[in-house]
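The values are calculated or read from the model by the stated rules, or taken from the named source; none is laboratory data. A quick note: this is a predicted structure, and the numbers were derived from the prediction, not measured. Note that we place each Cβ from the backbone using ideal geometry, even for glycine, and neighbour counts take in every protein chain shown.
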């Protein structure tokens, strides 16, 4: 593998890690195992700390391909809990309001989901990394300040209801770059007049790359160790 010349790698990001955490650990491992002082490493598409799944990581000259790679269509498996909302639209913050759910049926869910397929406008979460007056929106939100974010135009190709049990929707979502699944959870909850927030998220596909092709950091470390022991390795 030619990491300095450029490699495109696929990883399964663990729960609780930021995207930067994963990239930084990969960079440190590459420098240590390959005996190099500097190497470019970047990712093609952020995942929230509370999300897991596929991340594309580029090294060396392959970092020039990041923009085109992150433009690929994404697929997610999302779990949305109905009947309650949180300020962050996920489990980062505590429940602030609860709502009745007795009126919700599978048929009503299927009908509600239809309005989110196609080209839609979505207001990003206040707890996001978008910048407002030079500051991250989440920094302002955590200080209790109201953040007004403009709607973004995006595309939802598919929303499939996989399961509905104990007020939790399990959804398969295929969407364009820039889609906030947390915000989609909010909007689905509003459409069902029950409130909703994201309780679990896994990215399963980016473009033609699937999660099955991804490696854990531990598996990658073993690959690096084998490469280091091989005298013919060209980094």
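When segment 61-82 is filtered for residues that are farther than 21 Å from residue 213 by Cα and surrounded by fewer than 21 Cβ atoms within 10 Å (Cβ to Cβ), the ones remaining, listed by number, are 61, 64, 79. The criterion of at least 1 residues that are touching a residue at least 40 places away in the same chain (Cβ under 8 Å) and farther than 30 Å from residue 193 by Cβ is met by the following strands (runs of 3 or more DSSP E) wholly inside segment 1-98: 7-13, 51-59. Suppose the filter is surrounded by 13 or more Cβ atoms within 10 Å (Cβ to Cβ), outside the structural domain of residue 26 (by TED's automatic domain parsing) and closer than 15 Å to residue 180 by Cβ; does residue 120 pass it? The answer is yes for residue 120.
Please determine whether any residue of segment 192-203 is within 16 Å of the chain's Cα centre (by Cα), surrounded by fewer than 17 Cβ atoms within 10 Å (Cβ to Cβ), in contact (Cβ under 8 Å) with a residue 12 or more places away in the chain and on the phi > 0 side of the Ramachandran plot. Within segment 192-203, not a single residue is within 16 Å of the chain's Cα centre (by Cα), surrounded by fewer than 17 Cβ atoms within 10 Å (Cβ to Cβ), in contact (Cβ under 8 Å) with a residue 12 or more places away in the chain and on the phi > 0 side of the Ramachandran plot. Across segment 44-51, a minimum of one residue is classified as under 22 Å from residue 130 (Cα atoms) and modelled with pLDDT of 95 or more. Among the residues of segment 153-170, those that are touching a helix residue (DSSP H, G or I) at 6+ places or on another chain (Cβ under 9 Å) and surrounded by 15 or more Cβ atoms within 10 Å (Cβ to Cβ) comprise 156, 159, 164, 169. More than 21 Å from residue 79 (Cβ to Cβ), surrounded by fewer than 19 Cβ atoms within 10 Å (Cβ to Cβ), over 18 Å from the mean Cα position of the chain (by Cα) and touching a residue at least 24 places away in the same chain (Cβ under 8 Å): does that describe residue 142? Spelling it out, it is not the case that residue 142 is more than 21 Å from residue 79 (Cβ to Cβ), surrounded by fewer than 19 Cβ atoms within 10 Å (Cβ to Cβ), over 18 Å from the mean Cα position of the chain (by Cα) and touching a residue at least 24 places away in the same chain (Cβ under 8 Å).
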